[in-house]
Amino acid sequence: MALPSTTEELLELLDRNRWSTVAFRRHLDIEDWPMDLRLNYQTPSCPRGFQPHLQQQQLQQQLQQQVAESTEPSQLATPATTATSFRSARAVQVRINDVVAREAAVAYGKIYEHVRHTPLEPSPWLSNLVGSASGRSCVALLKLESEQHTGSFKVRGALSKLLSLPREALARGKVFTASTGNHALAVLYACKSLSERYAPLSEKAVIDDTSAAASSNIQAPPAEGSGSGVGPVTAPGASPRSVQLPVQQQPSLHEGPEGAGNGGNSEATAAASLCTAANDVSSLERGDKYRNSVEGAGGAGGSSSRLLRPQLYIPTTASPYKIRKLRSLGAELHLYGTDCLQAELAARKAAAEADAVYVSPYNDPWVMAGQGTIGLELLAACRRGQLDVVLVPVGGGGLIGGIASVLKAADPGIQVVGCQPTVSDVMARSVAAGTIVSELAGPHDGGGDTLSDATAGGVEFGSATLQPCSDCVDEWVTVSEVEIAEALVELLEEQSKLVEGAAACALAAFKRMAPRLVGKCVVAVCCGGNIAVASLLKAINLAQPAVMGAAEAEVEGIHRSDNSDGESFGADG
């Protein structure tokens, strides 16, 4: 069954499936957002430059001190302090997971045409594991993001982030990111897809004097209550020749760009249309009307030249297979550090110096929102009461943060399970500690190489993913390398599906939990399928004793059955 193509159609389907859609329809002003999001992240309506790590911490500490001082009993309850307290109370009620769930609904309509809506496939193998353990089976399903573009779910988050940005940010051309491989592939794909589809993002169309906008008759109607004292919006470091619009006068997606069909400058018109879709934060409809606004302005017919140039920072320990794959696609690679966290910090610094966009692999609400569209697809495929448990592989927490935020918004009764390798379980330990903890150093203290390379490594201090992981994930399961290998090889043997080690974490966790899953509908998210031949051979070697033992037992059972049938036949004869 084809999924709805717009946000509003999706929400209507979720209503019919009896899921709660209140959180997805909720109006959230930027002022209602958690303060750390407003301080640390570039928002569609309020672009900010990169704040260095220590500066972020100082801003957070100042904020906490201000909040503490504003709530001192000794303060007089003046109208001003009452208003401040009211705003603080509103902000406290909105959590990061609330923002992510709301933005996931918007992202669904934006990225629909750029992603594959991957299969939700029954798994008789997993169902039978539950049956053999308990005598009663379950409904086991695989969400095959391994069949997504570039071979992993990461495309969703990369597109969601890029399509949330103001035109000035994208017009600069360079996009920085860091990854162990899958996210880098996703950003490369997203940049290529948007460059080819929306060619008017070129500097010629966007970084131009204001006469370009005037020539295409693009006018932004003034917002109600706006005044002449409103300052212009520019991203930090933007060229003075950039097209500038007052904050309250940025185009709203509720109304298509004026002059789009008037025969004016089609490139400038399309650029303004893209700005229309990217800059509006409050409208739920921006996810629905995004495609129409850019296509109606001629965005699909532009040049296919590469306009967004991703700069990919990769740790030197990343899979050689993924590095070769990126290079074969023409990626500009920067090998840096031995851990994904080191590469992330280097990429952030380089983006800041270039005054360019940084797309985090996980630590960003719009990246999480993009991954949360997987949860929306699950809700669209199941009626309420038919989805009980969802198992999700976890690295930095972007995937599970997005999925869990969406599922808990629709039905808090859905159980979300985080699955990590034992040798790299940073997020599970961080949730237990209440703060981001460091990655274990090596084999002597529990750390080391893992087949689940896509989830391995450290997590940025203060990551936005910690709160959704703490509040929306019900259980954490860590699995050994042998368990990962066995699950990977058994899926290949039983269902002819090849996934990478990270996806096998969810399958291994399912096997561990099998006795508790009787009678439930359980989804295991297979997050990716990019596995090198060397890693596959390693998994086969690790799993060989258990898999061979099971195969020998099965063959022996068949022989016994055949012998029994033969003896019985002989006796009758």
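The values are calculated or read from the model by the stated rules, or taken from the named source; none is laboratory data. None of these values were measured; they are calculated from a predicted model. All Cβ positions, even for glycine, are placed from backbone atoms using ideal geometry, and neighbour counts span all protein chains on display. Heavy atoms of the whole protein, side chains included, go into the accessibility calculation; ligands, DNA and RNA do not. Shrake-Rupley method; radii C 1.70, N 1.55, O 1.52, S 1.80 Å.
Examine the stretch 460-478 for a residue that is among the hydrophobic types (A, V, I, L, M, F, W, C), touching a Leu at 6+ places or on another chain (Cβ under 9 Å) and within 21 Å of Leu142 (Cβ to Cβ), and state whether such a residue exists. Scanning the stretch 460-478 turns up at least one residue that is among the hydrophobic types (A, V, I, L, M, F, W, C), touching a Leu at 6+ places or on another chain (Cβ under 9 Å) and within 21 Å of Leu142 (Cβ to Cβ).
For Ile400, the conditions (1) closer than 24 Å to Glu486 by Cα; (2) surrounded by fewer than 24 Cβ atoms within 10 Å (Cβ to Cβ) all hold with the exception of (2). Taking (1) at pLDDT below 95; (2) part of a helix (DSSP H, G or I); (3) in contact with a Ser or Thr (Cβ under 7 Å, 6 or more places away or on another chain) in turn, Ala107 satisfies each apart from (1). When the test is whether a residue is modelled with pLDDT under 95, more than 23 Å from Ser179 (Cβ to Cβ) and small (Gly, Ala, Ser), Gly446 passes it. Annotation: of all residues in the stretch 408-435 being out of contact with any Leu (no Cβ under 7 Å at 6 or more places or on another chain), hydrophobic (A, V, I, L, M, F, W, C) and open to solvent by less than 10 Å² (accessible area, probe 1.4 Å), the one that is farthest from Ile96 (Cα to Cα) is Val426. Of the residues contained in the stretch 371-388, one or more are found to be in contact with a Pro (Cβ under 9 Å, 6 or more places away or on another chain), closer than 23 Å to Thr118 by Cα and either among the charged types (D, E, K, R) or open to solvent by less than 10 Å² (accessible area, probe 1.4 Å) (or both). When Phe86 is tested against (1) under 21 Å from Ala509 (Cα atoms); (2) of a type in the set (Phe, Trp, Tyr); (3) at pLDDT below 95, exactly one condition is not met: (1).
Out of all the residues in the stretch 294-318, which are open to solvent by 20 Å² or more (accessible area, probe 1.4 Å) and modelled with pLDDT under 85? Answer for the stretch 294-318, where residues must be open to solvent by 20 Å² or more (accessible area, probe 1.4 Å) and modelled with pLDDT under 85: Glu295, Gly296, Gly298, Ala300, Gly301, Gly302, Ser303, Ser304, Ser305, Arg306, Leu307. Checked against the criteria, Val477 does not count as in contact with a helix residue (DSSP H, G or I) (Cβ under 8 Å, 6 or more places away or on another chain), closer than 23 Å to Asn128 by Cα and open to solvent by 40 Å² or more (accessible area, probe 1.4 Å). Among the conditions (1) more than 18 Å from the chain's Cα centre (by Cα); (2) at pLDDT 95 or above; (3) polar (S, T, N, Q); (4) under 22 Å from Val22 (Cα atoms), the only one that Asn97 does not satisfy is (1).
When Ile403 is tested against (1) modelled with pLDDT of 95 or more; (2) farther than 30 Å from Arg384 by Cβ; (3) not hydroxyl-bearing (Ser, Thr, Tyr), just one condition goes unmet, and that condition is (2). Residue pairs whose Cβ atoms lie under 8 Å apart, sitting 6 or more positions apart in sequence or on different chains, and linking a residue in the stretch 528-540 that is in contact (Cβ under 8 Å) with a residue 12 or more places away in the chain to a partner that is surrounded by fewer than 19 Cβ atoms within 10 Å (Cβ to Cβ) and not in a helix (DSSP H, G or I), are Gly529/Leu498; Ile531/Leu498; Leu536/Leu498.
Each row is one residue, and each column tells you yes or no for (1) farther than 26 Å from Glu377 by Cβ; (2) among the aliphatic types (A, V, I, L, M); (3) part of a helix (DSSP H, G or I).
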| site | (1), (2), (3) |
| --- | --- |
| Val431 | no, yes, yes |
| Leu451 | yes, yes, no |
| Ser463 | no, no, no |
| Val477 | no, yes, no |
| Val482 | yes, yes, yes |
| Ala485 | yes, yes, yes |
| Leu492 | no, yes, yes |
| Ala506 | no, yes, yes |
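For the stretch 325-348, a tally of residues being in contact (Cβ under 8 Å) with a residue 12 or more places away in the chain, part of a helix (DSSP H, G or I) and open to solvent by 40 Å² or more (accessible area, probe 1.4 Å) returns 4. In the stretch 127-150, which residues are in contact with an Asp or Glu (Cβ under 9 Å, 6 or more places away or on another chain) and open to solvent by less than 10 Å² (accessible area, probe 1.4 Å)? Correct list: Leu142, Lys143, Leu144.
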